[in-house]
Amino acid sequence: MRHLSLMLKPSSGMCNMRCKYCFYADETQKRSVPSYGFMSLETLEQVMKKALEAADGSCTICFQGGEPTLAGLDFFRHAVELGARWSVHGCAVSYALQTNGLLIDEEWCRFLAQHHFLVGVSLDGTKDLHDANRVDAQGKGTFTRVFRAIQLLRQHGVDTNVLTVLTGNLCRSFRKVYQFYDKNGLDYQQYIPCLDPLEEPRGGHPWSLTPQRLGQYLNTAFDCWYADAMAGHKKYHRFFDNLLLMLDRQPPEACGMLGVCGMQYVVEADGSVYPCDFYMLDDYRLGNLNTDSFQDLDQRREAIGFVEASRAPDPECRACRWLPLCRGGCRRDRDYYQDGIGKNYYCEAYRQFFEYAYPRLEALYWKLVNG
């Protein structure tokens, strides 16, 4: 039984914010067509039809951007209608939305609640940290509007989590961020390292994340998370919870922790498909769902060696005691610097973290197993 997961960009790279660290804004400027505009309803139907025909049992459709809500609520209504139309053979369809929250209102909330969307809202901690990088088109901070959207979603019973970008400044102040999330009941948390622009040396921007700062964050975050978990108030932290899965001999669900790139399908607004959100460049284009099948896309993925290339950690990694948990990390953190895919840029951060946290992580695992 094949679960199929798609990420759709119905607004291409268009956005009503101008986040200073946006990796996708950088990525779109390094391909032949920076923006594909809005996805047409004809392309949407081709994508939904082919996805639900290819899936066997279940399919997840995640809308991302750019800012996907710019496509309009009617676009999303049509997507859900198509999902119902083309899942006639019993395929279970689930929906997710990653948004900056600026357009979320009562009508959006009612729709998202009715169709059981999982909604991730991008929030970078406290007001001062968030507004330092996440600004609108006029350069104004967006914290107040984003936090209002989170409150509105929760009032309507929408399953909501926060996605936080780890910048150097945020990592320095992480305990404050954790306490803020705790105070406001934001218990489902995901954190992603800030990416520097492609083809630039790492660490050259005010928001850049260095291995030292990531290591500082990991230790502080684990201390906070572990203390709450041992006290019976465990929060969901995607990285730490995936480590618990791995201790339980289960595969992690987080892509960058698998040790190899997964079978992703990231669909741009024109229907073109790429193997990863971090590799939406001309050289990695797999095809277009207006004309190609999923079998065609998979054959192209194999031909360019995308998955196979991600299996090659640095020789030093193979001798490391932490490889079973680290697995080399995300390919993007091993690529586009030095001589290509090699040791993870954040290797030392992860190494010192595992040394620091593993005994307590294992103790927590056994506490949870034994009830």
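Only the coordinates and a few stated rules stand behind these numbers; no lab work does. Just so it is clear, the model here is predicted, and its values are computed rather than measured. Cβ sites come from the backbone with ideal geometry, for glycine too, and all protein chains shown count toward neighbours.
Numerical summary
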{"quantity": "Beta bridges by DSSP in the chain, antiparallel share as percent, to the nearest 5", "calculated": "15 percent"}
{"quantity": "Shape category assigned to the range 116-184 from the gyration tensor of Cα positions, a/c cut at 1.5", "calculated": "oblate"}
{"quantity": "Percentage, to the nearest whole number, of Cα pairs in the chain over 32 Å apart", "calculated": "33 percent"}
{"quantity": "Approximate spin-label separation Val88-Thr210, in nm, with each point projected 7 Å along Cα-to-Cβ", "calculated": "6.1 nm"}
{"quantity": "Unit charges on C-beta of K, R, D, E only; dipole of the chain, Debye", "calculated": "1000 debye"}
{"quantity": "Descending principal axes extents, the range 49-182, alpha-carbon based, whole Å", "calculated": "50, 26, 26"}
{"quantity": "Whole-angstrom Cα spans of the range 289-371 along principal axes, big to small", "calculated": "52, 38, 19"}
{"quantity": "Potential lengthening between Gln138 and Gln250 on full extension [0.36 nm per residue; Cα-Cα distance subtracted]", "calculated": "35.7 nm"}
{"quantity": "Under the span-like rule (Cα at least 24 Å along the axis, Kyte-Doolittle mean at least 0.0), DSSP H helices of the chain", "calculated": "none"}
{"quantity": "The range 174-296: proportion of alpha-carbon pairs further apart than 23 angstrom, %", "calculated": "51 percent"}
{"quantity": "Radius ratio Rg over Rh of the range 1-126, counting only Cα atoms, Kirkwood formula for Rh", "calculated": "0.98"}
{"quantity": "Fully extended contour minus Cα-Cα distance, from Asp128 to Asp182, at 0.36 nm per residue", "calculated": "17.7 nm"}
{"quantity": "FRET efficiency, Arg145 to Glu316 (Cβ-Cβ, R0 45 Å, nearest 0.05)", "calculated": "0.45"}
{"quantity": "Structure-based [θ]222 nm, the chain - -39500 (n - 2.57) summed over DSSP H runs of at least 4, per residue, nearest 500", "calculated": "-12000 deg cm²/dmol"}
{"quantity": "Rg/Rh ratio calculated on Cα atoms of the range 162-244 (Kirkwood radius)", "calculated": "1.00"}
{"quantity": "Label-to-label distance, nm, for residues given as Glu362 and Asp228 (7 Å Cα→Cβ offset)", "calculated": "2.6 nm"}
{"quantity": "GNM result for the chain, Cα springs below 10 Å: residue of Gln264, Gln151, Gln138 fluctuating most strongly", "calculated": "Gln138"}
{"quantity": "Residue-span extension gain [Ser35 to Arg2] - 0.36 nm each, minus C-alpha spacing", "calculated": "8.7 nm"}
{"quantity": "Approximate shape of the range 216-255 as ellipsoid semi-axes (Cα gyration tensor, √5λ), whole Å, largest first", "calculated": "19, 13, 8"}
{"quantity": "Value of D in µm² per second that Stokes-Einstein yields for the range 256-334, Kirkwood Rh from Cα pairs, at 20 °C (1.002 mPa s)", "calculated": "158 µm²/s"}
{"quantity": "Calculated FRET value between Asp159 and Glu302, using beta carbons and R₀ = 30 Å, to 0.05", "calculated": "0.25"}
